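Below is one structure; the comments refer to it alone.
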Amino acid sequence: PARLPPLKDVAQFPVGTCVRSDQLADPAFARLVVEQFSQLTPEWEMKMEYIVQDDGAFRFEGPDRIAAFAHQNGLRLFGHTLVWYIHRPKAFEQLDEGRVRFVDAYRNYITAVVGRYRGQAVAWDVVNETIEDDGSGVRDSLWAERLGKEEHIALAYRFAHAADPGVPLFLNDYFLETLPKKRAAFLGLVERLLKAGVPVGGLGTQTHLIADQGPGLIKAAIADLASLGLPIHVSEMDVSIAGARGLLKDPRDLEQTQARLYAEASEAFSLLPARQRFAFTIWGARDSDSWRRKEAADDTPLLFDADGRPKAAAQAWEQGLR
Ligand code: G3I
């Protein structure tokens, strides 16, 4: 088939994907990434769940491999993510209730990670998915419990900024297209943080979509998020098929719907002023890489053929094919 020009040459902004260090050892995958993308986000190895060991020691082999690959191949490195409600590492949880020790450990972690990649990471997701889906406020988490619902967020930004004052510090969340109350709460939090002098430097909208989503929601969300004037990162886009099963009978409809949603997102993002077009990241390059394969595992045969390969999957490439 005629080859399309590389994504990074077509877009007027950095185009990224998430990677795992084991994938980068596969020459075909490494070639695809270097050819198509200009930015990488570690899919999981820059998170506490990889770095923080039960005894409190840190391990950096994985993220160091990704950072080295990015540096060697002239790719930007996006740091993801320092604080997430999902993470409750034993090393933090078992700290006594004393706030001083906890905030020291919190500062030490953020300072160590951001400091390690200073000069390599072009930005960080400092806090991930902190707003409740119903828009009622900041989620509970170990961090909120020990340091306060909004204080733990302000502290994370201040510690990250102190460790690397030269890069924008993002707040990242999902379903901001389909949950307007959540988006309003997200923007409200950002406004409060900015007013308090907290260095929020960008907004990440993950854009994990379900293929049955109607037109216009992405465009409205990006315009609304951009209203604060901060850089925008479409940070984790994919278009799931699992959620659409039964709604769209024919996989071909699915592919047209996926194409429509990717077009809407990239067009809306392209309309932003250049200073707000930070990057457009898809969450995985090949179907076989997609985190959604777990989700798809219980999908009907409509969506996957005999050997479990997705017929119309969430990602841009089939394994090894374009
Ligand atoms: O590869 C290791 C394996 O060696 C080890 O034995 C096993 C046991 O823990 O872990 C395996 O790593 C898994 C990793 O994915 C790589 O497959 C981790 O357990 C698993 O937690 C990790 O899941 C990631 C998840 O975030 C949690 O970090 C997914 O890959 C990743 O796609 C997903 O990405 C999130 C974004 O960070 C935030 N937005 C939502 C998005 C999807 O959930």
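The values are calculated or read from the model by the stated rules, or taken from the named source; none is laboratory data. None of the values given here were measured: they were computed from a predicted structure. Note: ideal-geometry Cβ built from the backbone for every residue, glycine included; neighbour counts use all protein chains shown.
Descriptive notes on the structure:
- Members of region 29-64 found to be within 16 Å of the ligand (Cβ to nearest atom), surrounded by 15 or more Cβ atoms within 10 Å (Cβ to Cβ) and of a type in the set (S, T, N, Q), listed by number: 39, 41
- All positions within region 124-142 that are under 21 Å from residue 46 (Cβ atoms), hydrophobic (A, V, I, L, M, F, W, C) and surrounded by fewer than 24 Cβ atoms within 10 Å (Cβ to Cβ): 142
- Residue ID - nearest to the chain's Cα centre (by Cα), chosen from residues in region 235-248 that are at pLDDT below 95 and under 20 Å from residue 78 (Cβ atoms): 237
- Test: residue in region 141-154 that is without any contact (Cβ under 8 Å) to a residue 60 or more places away in the chain and within 15 Å of the ligand (Cβ to nearest atom): yes
- Residue match in region 132-153 (condition: of a type in the set (Gly, Ala, Ser), in a helix (DSSP H, G or I) and either within 17 Å of the chain's Cα centre (by Cα) or over 23 Å from residue 49 (Cβ atoms) (or both)): no
- Selection count where residues are within 16 Å of the ligand (Cβ to nearest atom), of a type in the set (A, V, I, L, M, F, W, C) and either in contact with a Gly (Cβ under 6 Å, 6 or more places away or on another chain) or under 26 Å from residue 104 (Cβ atoms) (or both), scope region 157-191: 2
- In the set (1) part of a helix (DSSP H, G or I); (2) under 30 Å from residue 273 (Cα atoms); (3) in contact with a Lys or Arg (Cβ under 8 Å, 6 or more places away or on another chain), the condition left unmet by residue 8 is number (3).
- The condition (being more than 20 Å from residue 279 (Cβ to Cβ) and not in a helix (DSSP H, G or I)) is satisfied by just one residue among 56, 62: 56.
- Candidate set from region 83-102 (those that are within 13 Å of the ligand (Cβ to nearest atom) and farther than 11 Å from residue 49 by Cβ); member that is surrounded by the most Cβ atoms within 10 Å (Cβ to Cβ): 83
- Restricting the first member to region 231-248 and to residues that are over 24 Å from residue 269 (Cα atoms) and of a type in the set (A, V, I, L, M), and the second to residues that are modelled with pLDDT of 60 or more and in a strand (DSSP E or B), the beta-carbon pairs closer than 9 Å and six or more apart or on different chains are 242/210; 244/210; 247/210.
- Residue in region 225-234 that is surrounded by 22 or more Cβ atoms within 10 Å (Cβ to Cβ), within 16 Å of the ligand (Cβ to nearest atom), modelled with pLDDT of 85 or more and of a type outside the set (Phe, Trp, Tyr) present: yes
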